[in-house]
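*Asks:* Before anything else, here's the structure in question.
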């Protein structure tokens, strides 16, 4: 999920008049820390954003990027197993084919990628020997042909977390999500939480009534998390969220509370299949008593679910 940070780094540097290099892992042989499609950005002063390994090849990648930039010459370079750089080894014994693309000026490629990210639309990058192209829509990571004349890589929108509730767990989850780099929006009936999170520049909406369902809008990469101690607040909002696109929906509370919740939602016409996908009790470990532990448990479950979801199959 770090490709957005790499693209933002390149955009800032390009907007400031610097030339940069977009670095893309095209193929992996054997074991590797990163997958094909992993991005890294290198600026003309040698600073960079992103990583291609656990620190094994980054210095060599920066040196190669600066040489490609000096010659204004795209290239594909092998690191690790089978590489001409005999002194650069990957401890895992694998190999990486890495594409280097010098870019300068307004950075239309980077702008196009950031545009797709801002609109929360899947996109792909296709790496040829001398160019990289942005394309709308997701494509699985694969060579374009048997001779490896090019590679395509798809990027899904990052997960966004929508937290609906009140109490200290809401603030703890907002803080943790921000620290992790997950976009988070808060919907709360608690005036103090609304005020404190607004001061932290967290996007926060104050709920005044249980029927204020129109504020909850999802997409296939949305996680809805309900953290109400007062369960009377939940049902209208949950029924609406269940009908919105999402990859995760969970709620705080024990099994007894969830059984009553499920009965009420069923009476609202929510299908049993949707109720079966409902996460409750929430989190990777249950019975979390303090807000910070609850937040950690919840965010871990959300991210795990995002990583395990086959969005290509889910979206048909």
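*Asks:* How high is the relative contact order of the chain? Use alpha-carbon pairs under 8 Å, at least six apart in sequence, and give a whole percent. Could you put the intermediate results ahead of the total?
*Replies:* Values: 607 pairs, mean separation 36.9, N = 316.
That works out to 12 percent.
*Asks:* Rounding to the nearest 10 and keeping the result within 0 to 90°, find how far the Cα-based axis of helix 234-243 lies from the longest principal axis of the chain.
*Replies:* Taking the Cα atoms of the chain, the angle to 234-243 is about 40 degrees.
*Asks:* Highest GNM mean-square fluctuation, the chain, Cα pairs closer than 10 Å: which of 169, 17, 95?
*Replies:* Comparing 169, 17, 95 in a Gaussian network model of the chain, the most mobile one is 17.
*Asks:* Which distance in nm do the two modelled labels at residue 256 and residue 205 give, with both placed 7 Å along the Cα-to-Cβ direction?
*Replies:* Computed distance between label sites residue 256 and residue 205 equals 3.3 nm.
*Asks:* So in the chain, what percent of DSSP beta bridges are antiparallel if you round to the nearest 5? Working shown, then result.
*Replies:* Numbers: 35 of 55 bridges.
Close to 65 percent.
*Asks:* Defining a contact as two alpha carbons under 8 Å apart and six or more residues distant in sequence, what relative contact order in percent does segment 235-316 show? Intermediate results must be reported in sequence, preceding the final value.
*Replies:* Details: 61 pairs, mean separation 26.5, N = 82.
Relative contact order, segment 235-316: 32 percent.
*Asks:* For a quick check, take a GNM of the chain with Cα springs below 10 Å and name the residue from 243, 13, 121 with the largest mean-square fluctuation.
*Replies:* Looking only at 243, 13, 121, the largest GNM fluctuation is found for 243.
*Asks:* Relative to the longest principal Cα axis of the chain, at what angle does helix 108-118 sit, 0 to 90 degrees, rounded to 10?
*Replies:* Compared with the principal axis, the helix lies near 10 degrees.
*Asks:* Just the number, please: percent antiparallel of the DSSP beta bridges in segment 139-270, rounded to the nearest 5.
*Replies:* Numbers: 2 of 21 bridges.
The answer is about 10 percent antiparallel.
*Asks:* Which one, 272, 160, 292, has the greatest fluctuation when you compute a Gaussian network model over the chain with C-alpha springs under 10 angstrom?
*Replies:* 272
*Asks:* Can you divide the C-alpha Rg of the chain by 2.2 N^0.38 Å and report the result to two decimal places?
*Replies:* Working: Rg = 22.6 Å, N = 316, 2.2 N^0.38 = 19.6 Å.
Rg over 2.2 N^0.38 Å, computed on Cα atoms: 1.15.
We did not get these values from a lab; they are worked out from the coordinates using the rules stated. Fair warning: this is a prediction, and the values are worked out from it, not measured in the lab. Every residue, glycine among them, receives a Cβ derived from its backbone with ideal geometry; neighbour counts consider all protein chains shown.
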